[in-house]
Structure formats: C-alpha cells, structure tokens
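Take a look at the structure set out below.
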Amino acid sequence: MQWQAAEPGAGASRRPVRAGKRESMRPQSTMHALLGPSDPAPVERYNAGGAAPVILLCDHAGRAIPQALGGLGVDAASLERHVAWDIGAAEAARHLALRFDAPLVLSAYSRLVIDCNRRLDDPTSIPVSSDDVEVPGNRDLSDAARRARGVEIFQPYHRAIEEIIEATSARGQVPAILSIHSCTPVFKGFVRPWHFGVLWNRDGRIAEPLMAGLARDPHVCVGDNQPYSARNKHGYTLDTHAESRGLPHVLVELRQDLIDTHHGAADWARRLGDALEPILADPRLYRAEKA
C-alpha cells in the first residue's frame, strides 16, 4: 500500500477542521443563467490532495439557494431545518477527511433546490414539498429551469466525484467510498434510537465490520439500514459511483442532535473514525468486487 492510516487517536479532536484546504469549483460554462457571480460554487473539494485511497462524500452538505430563485418561497426558519440540508454532516465529514487524509467532496446547495442524491427523473429530485414544508418555487417548473439546476448544481458535484475516483485509479489504487449524512432525532412522532445508521445494499465489506465495531460501545445504538434503507434504490450517488464499479462503500447517517455543535461533530466523528480505522487499514479492502 502507498497509504498508511493515521495513528490511533490522531483523530478530529486533535486536528481542527479548518486545517484542511478547501477548493470551490464552478462550472466553466456561463451559458446558463441560474448561478450568478455572487452565488457560491456548487461543489467544494476539501483536503483534495489527501493521499488515502478513501473518498468521502457529503451529498447534502450545504443549504445555499441561488439568488435568482429568491429563497424558493420558503421561510428562513425552515431553511435552517433538515428539509434544507443535513445538519452537522459536513463538519463531521471534514473531521474524518483530516483524520484519514482523505479527499472530501461536498455539495453546496440545498436539497430543496435539487437533491444530489436522487436521479434527475426522480419526483423528489426537485421537491414541491418536504415533510411539512411547501416549496412554492419548485412548482410548475419549465424543462429549461429543471435542466439549469441539473447542469449547474447536480452535474458539477458528480463530475467532481468522478474526477477523484479516476485520479485515485490512475495511481493504481481502488478507492473506498464513504458517504456521510445526518438524520433527525424524531420523525413523524417516532423517536429514533439510533446514534448511527449504516446503510448498505449487497456489499458489506465496510458496513458489516463497521456495525460490529460501533456496537462494541454499550452506549451506542446502531441501525442496520435504519432509519433509511440503501436497498430501496432511492439513492443515486453510491449506486452510480461505487456499486456500479464494485468499489467498497457505505453510507453513514449520524443523528443530528449529536453533531449540531462543533464539539458534538468532533466527538461523534471521532467515534465513527475509531470504528472505521481498522477497516480502512486493511489492504484487502481495496479491491473491486461486484456483489
């Protein structure tokens, strides 16, 4: 192997998240009119020079809305909620990127603008409502308006993922893909007991030992394909970039109330990193195998 995992304990709690280098990426074409010069770039690469054969992804990292969309008609309080983004996921993912010296790709725009983990033809790709929040700005969109969101926000994010996978492969390495999400502690009145949800389909090379490792802590509750399942085929990112190539992969949900502060994000990223460390340190993981 050309890469060695960080020393045990050299986790996020010892390295501040701000230490990583951030690179914002904008589409080269200016043919479309959705994103203006004052809007953020649609995708961020964090710790892009990371040497690990591990790639971290955060599909719902940001909650930006293009100025041209005028807030989508959604009130400011709702844009702070989970309907708009995965609270705490980006910060937890940055801690993991530093711990394992792994590149991280993050989406900048709210899932209410376009969901980067849904196929473009999925009805929830551009939702007209989410939970109890109506999104007036997504109703009766023209084909051109939908296409602009796909071209300027969705495609740059997935192109960045492809580029990092290809760069890793060009070094003779098979990457492992880790997708970091967060979920609400309560959904429709149900109190979710899980601190971590491990989502996987057929490839359990990371998921199964990860669940076992996390469950060694008697104070941690781990959900196997909870609170969502990777087997319902609603997701897009891991199906497209990892499962189709036979790359080892997993999606991890962290409960938002655990990671919605700087301290919480660092602590729970450390716990996740401790369980991931022996898995990612095993050279036998880095092989393409279609389950």
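What follows is calculated from the coordinates using simple rules that are stated; it is not laboratory data. What you see is a predicted model, and the numbers here were worked out from it, not measured in a lab. Note that each Cβ is placed from the backbone with ideal geometry, even for glycine, and that neighbours are counted across all protein chains shown.
Would you work out which of 258, 276, 234 lies farthest towards the positive end of the dipole of the stretch 228-291, given +1 charges on the beta-carbon of Lys and Arg and -1 on that of Asp and Glu, about the Cα centre?
So the residue furthest toward the plus end is 234.
Taking the Cα centre as origin and putting +1 on Lys and Arg beta-carbons and -1 on Asp and Glu beta-carbons, what dipole magnitude results for the stretch 12-285, to the nearest 20 debye?
On the way: 32 positive and 34 negative charges, 103 e Å.
Here the stretch 12-285 has a charge dipole of around 500 debye.
Tell me the label-point distance for the pair residue 77, residue 232, using the 7 Å Cα-to-Cβ offset, in nm and rounded to one decimal.
Distance between the two pseudo-spin positions: 2.8 nm.
Relative to the longest principal axis of the chain, what angle (0 to 90°, nearest 10) does the C-alpha long axis of helix 89-100 take?
It works out to around 30 degrees.
Which one of 215, 96, 41 is farthest out on the positive end of the charge dipole of the chain, using unit charges on Cβ (Lys, Arg +1; Asp, Glu -1) and the Cα centre as origin?
Sorting the options by dipole projection puts first 96.
If one computes the Cα centroid of the stretch 137-153 and of the stretch 199-251, what distance in Å separates the two points?
Using only Cα atoms to place each centre, the spacing works out to 31 Å.
Relative contact order of the chain: what whole-number percent is it, with Cα pairs under 8 angstrom and at least 6 residues apart? If you can, show how the numbers build up before the last one.
Details: 581 pairs, mean separation 66.9, N = 291.
Averaging sequence separation for qualifying contacts and normalising by length gives 23 percent for the chain.
What residue among 67, 85, 55 has its Cα farthest toward the positive end of the dipole of the chain, where the charges are +1 on Lys, Arg and -1 on Asp, Glu, each on the Cβ?
My answer, from the dipole projection, is 55.
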